Each structure stands twice: as structure tokens, then as C-alpha cells.
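To keep things clear, I will list the structure first and then write my remarks on it.
The values are calculated or read from the model by the stated rules, or taken from the named source; none is laboratory data. What you see is a predicted model, and the numbers here were worked out from it, not measured in a lab. Reconstructed Cβ throughout: ideal geometry from the backbone, glycine too, with neighbour counts over all protein chains shown. Calculation scope for accessible area: heavy atoms of the full protein, side chains included, ligands and nucleic acids excluded. Shrake-Rupley method; radii C 1.70, N 1.55, O 1.52, S 1.80 Å.
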Amino acid sequence: PNLSCPKVGKNSAAKTMHLLRSILVSGGLALALLTSASNTLEVNNDQVASSTPSWTGESIYFVLTDRFAPASSSSPPSTPWCQGKAWCGGTLSSLTSKLPYIQSLGFTAIWLTPVVEQVPWLDNWNGTAYHGYWAADFNAIDPHFGTEADFVALTSKAHELGMKVMLDIVANHVGPVHDLSEVGRLAPELSDPAGEQFNQLPHLDPVPFSEYLSNPYTMMEAGDSCWPYYDFGPSCNYTVIEKGWFGDLGDLNHSNPSVRSYLLTWIRGMREKYDLDGFRLDTALYIPTAFLSELQEAAEVLITGEVVMLNVSLHATYQNYLDGLLNFPVTELIKPAFNSTSGSLIPLASALTLQSASGYSNVHTLFNFVDNHDSPRFMSSLLGLTSHNFANAAAFVFIWHGVPVWYYGTEVEDVATADDERVSQWDDDGFVEGGGSFAGGLAKRLNRLREELGFG
């Protein structure tokens, strides 16, 4: 595919292929694709959006804050692992203490899950808000994670080490709300009992907000052609995508001036108070595109959006509103290509070809990953294959256009192979600086390769 890469000469391109062969000791599927792509390595992309160059060439370690490292002030956990739907005890301070470990693997930035104050009650499926995506008050730090001072200390230490900090945020919804008493416990700006701060699509018979809370119109009612990969066929109702609720999560009404002002003031304040370098925007697909543009302007740093779809041409349009995107049209095809005895590169190559013709404004701010917090880890289901299959997938992510994202614990065998993709990492063997494992060593070598060759 004729996507532009960083400007690299022929000798460096040959060196790239040589180093990749040394990394991918199994030969590998990725090598064939990357070799064919090496013909484009001399092309230079001068059309980089003005607000995004600082993220070109970065390499991100993605942390689920509650599950990465236990509070240093607490006694050692009674069991080596913590998992499930309850809070586990990871904190901002414990993450700060592990920044040298992350840097020893060659990563230049961290992305951490949301840390704003969460609802203290359960959702309809008995889950807590340990993950950080169920806000109650956007302007407060949840005490489970620590304090405002702890967050300032984290970003200060990261910048002292020359690392960038990307904060995960949610602007589509708050936490689960089931009745007016729970609405009243949200931040004052979000607690209006009339419910004007939330979207309320009418059912066949309109009902008062107090009743709507028990049976909201959900995004799952948008039409069969929306699922499972949001292809947006003719029967997909985009109004429902934007205004339907995620189950019982209160869907914010972005046409409400008070809601809009609250969110725009908040994102500016977060960037300034905590000296943040970027944001990852959860559920960006479900937010009106006009408001995405407003949010990006207010942030004044890169926002990379979670737009989950395989529709490449539609996916590309979201770079008209946000500086960056998680590259789902490509990353959703990595596991089928590399983690199967019958894997084929054809669907992946086809997606890359489509991306080359789809008008992305900046391929260098597409964020690529093998694993994340919403799907089983690659190495938890190798199906009789070896870790070298993962090496091929990781090499593709690190060498292809854009910003590579490494999910916490991928370098720790017991974490990487766990059935729960959100298991904690705080066993004594979980933090060996410089790698200490096949995957850890792989991350370090791939990061070094990116640095030597100027990939971005």
C-alpha cells in the first residue's frame, strides 16, 4: 500500500529489514508484508497536522490504573493477582514509582485510564467503576486513585524523565444512573432532576425522566447493520448511535449549552492543571462530530478518538474532527492474521490498501495495538502456536505507520496469558526493568529500532 512513511534512505530501509529478521526469529508472517511495504520507506509525509507533531515517533505503554501496581503504602497483596469487577488498589502514586520500569522497556509515553471521581454504586451487571469510565464528577480525582497532588506528581515525574502523559477521558456519558436519587449524587452541573443534561429518545409512549431512567433507549436499537463493526448500512440509525444510552450509563446531551460548557471548561482545566500532553477519548463514535471539533479545539493538544469500526472510509472522516484515531480498521485484523494456524494476511493487506486511498489527514497519528482492555489478550489464546506469532504481530504494530500502543503486562507471562485481560500486574516478577522476558525484550528491541530509524 502506498501510505507514506518517515523519510528513510535505502540503506536504512535495508537495515530495517535486517533487524526485523533478527527479531522475528520464526521467519514470520509480518516480514512478508513489511518487506513489500519497505518500497515506500523513502516517501516523506510533510502534511502533518499542526497540533500533532509532538506525538509523531512516540511509543506508548497503556496502563489500567487500578490494576497496574498496588499502593506503595499498603501491605503486600494477600494474593499475587487481583481480577474481576471489584477495585484492586492500583494508584497514581504507585504508577509514578513504576515510570522508570516503563522507560526501561523503551517506551516514551504512558496512557492511563480515567482518574476522575467515579460513581460509588454498581451497574445493572454488578460491576464497580474500578476502570474509571463511570464519572460522577469530572472535576475531582477519585480517592481510590489518589489526590490531585498525586496526579501532578505523576505528570511532573514523567516529564522529568522525558516521557509524555496521555489521559483517557469520557465525554459521551457518566456512570450508571437508575433513579433520581443517583442523578442527584452526580456533580451539581449534572444533577438536574428534570434530566435535560441527558439524551432521552422517545419510546412509543413518552415517559417522565424518572421512568425513563429504568428503561432508557439504548444504542443497541440503532439497527442490525450497525453491528458488529458499525458498517453503517442503510438501516443503521445514526441518531440512535449518538443519543442512545450504553445500557444504564447516562448519555450526555451535547446540544445542552450547560453540558457543552461543563465539558469544554473541564478539558481545558485538566490540560492546564496537570500539564497533560494528550487525551484518549473513549466512545468518540457516539458523540456528535460538531462537538468533537469543539472538544479538540478546547484541548489544545492531541486527542485520539476511540472510533470502533471496520468501515475505513467513514473512519477516516473522524480525523476531520480529532487529531488522532485508534486504528481499529487495521488492528481488529491483527489477531485473525497472526494468531491462527490458518491466518491470512489478505484481509489485513486489503485494509491497508483501503487506508491508503481513504484520505486520512495524518497516518502518523493513527494509534496501533495488538491488545487492549476490551478484548482477550493475544497470548491468552495462542491455540497451539508460539510466542513468535505474537512477535510478528508486535513487529507490525511497531514498524507500521503511526503510534504503537503496548498494553500493560504484555511483557509478563502470567499476565499476558491470563483469561482476564484486566488482571493485576503486581506479582514480584511483574516489574523486571529492561524486560526480563521474551516479550519484554522484544518491546525494548522494537522501541530501540524505532528510535534508531526515526519511525513515526
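Structure notes:
- Candidate set from the stretch 299-313 (those that are touching a Ser or Thr at 6+ places or on another chain (Cβ under 8 Å) and over 25 Å from Ala357 (Cα atoms)); member that is most open to solvent (accessible area, probe 1.4 Å): Glu300
Table: residues versus (1) open to solvent by less than 70 Å² (accessible area, probe 1.4 Å); (2) among the polar types (S, T, N, Q); (3) assigned to a loop (DSSP other than H, G, I, E, B).
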| position | (1), (2), (3) |
| --- | --- |
| Asp205 | no, no, yes |
| Glu211 | no, no, no |
| Met220 | no, no, no |
| Ser225 | yes, yes, no |
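- Reported count of residues in the stretch 192-203, each being buried (at least 16 other Cβ atoms within 10 Å of the Cβ) and not aliphatic (A, V, I, L, M), is 6.
- Consider the stretch 163-191 and keep the residues that are acidic (Asp, Glu) and touching a strand residue (DSSP E or B) at 6+ places or on another chain (Cβ under 9 Å). The one that is nearest to Ala284 (Cα to Cα) is Asp168.
- In the stretch 267-302, of all residues being touching a helix residue (DSSP H, G or I) at 6+ places or on another chain (Cβ under 9 Å) and of a type in the set (D, E, K, R), the one that is nearest to Trp245 (Cα to Cα) corresponds to Glu294.
- Single residue of the stretch 272-284 satisfying the filter (in a helix (DSSP H, G or I) and in contact with a strand residue (DSSP E or B) (Cβ under 8 Å, 6 or more places away or on another chain)) that is surrounded by the most Cβ atoms within 10 Å (Cβ to Cβ): Ala284
- Condition met for Val308 (closer than 30 Å to Thr155 by Cβ and modelled with pLDDT under 95): yes
- Scanning the stretch 400-420 for residues that are out of contact with any strand residue (DSSP E or B) (no Cβ under 7 Å at 6 or more places or on another chain), among the β-branched types (Val, Ile, Thr) and either open to solvent by 10 Å² or more (accessible area, probe 1.4 Å) or modelled with pLDDT of 95 or more (or both) gives Val412, Thr417.
- Residues in the stretch 151-172 that are under 18 Å from Asp137 (Cα atoms) and in contact with a Ser or Thr (Cβ under 7 Å, 6 or more places away or on another chain): 3 in all.
- Any hit, the stretch 225-234, residues being in contact (Cβ under 8 Å) with a residue 24 or more places away in the chain and of a type in the set (D, E, K, R): yes
- Any chance Leu122 is aliphatic (A, V, I, L, M) and surrounded by 22 or more Cβ atoms within 10 Å (Cβ to Cβ): no
- Residues in the stretch 328-377 that are touching a Gly at 6+ places or on another chain (Cβ under 8 Å), open to solvent by 60 Å² or more (accessible area, probe 1.4 Å) and over 22 Å from His388 (Cβ atoms): 0 in all.
- Filtered residue count, the stretch 340-383, keeping only those that are β-branched (Val, Ile, Thr), assigned to a helix (DSSP H, G or I) and under 19 Å from the mean Cα position of the chain (by Cα): 2
- Scanning the stretch 240-261 turns up at least one residue that is modelled with pLDDT of 95 or more, among the charged types (D, E, K, R) and touching a strand residue (DSSP E or B) at 6+ places or on another chain (Cβ under 6 Å).
- Any hit, the stretch 233-251, residues being surrounded by 13 or more Cβ atoms within 10 Å (Cβ to Cβ), assigned to a loop (DSSP other than H, G, I, E, B) and touching a Ser or Thr at 6+ places or on another chain (Cβ under 6 Å): yes
- You will find that of Ile169, Ile110, the residue that is crowded, with 22+ Cβ neighbours inside 10 Å and more than 19 Å from Ser93 (Cβ to Cβ) is Ile169 and no other.
- One residue alone among Leu295, Leu333, Leu322 is of a type in the set (A, V, I, L, M) and at pLDDT below 95, and that residue is Leu333.
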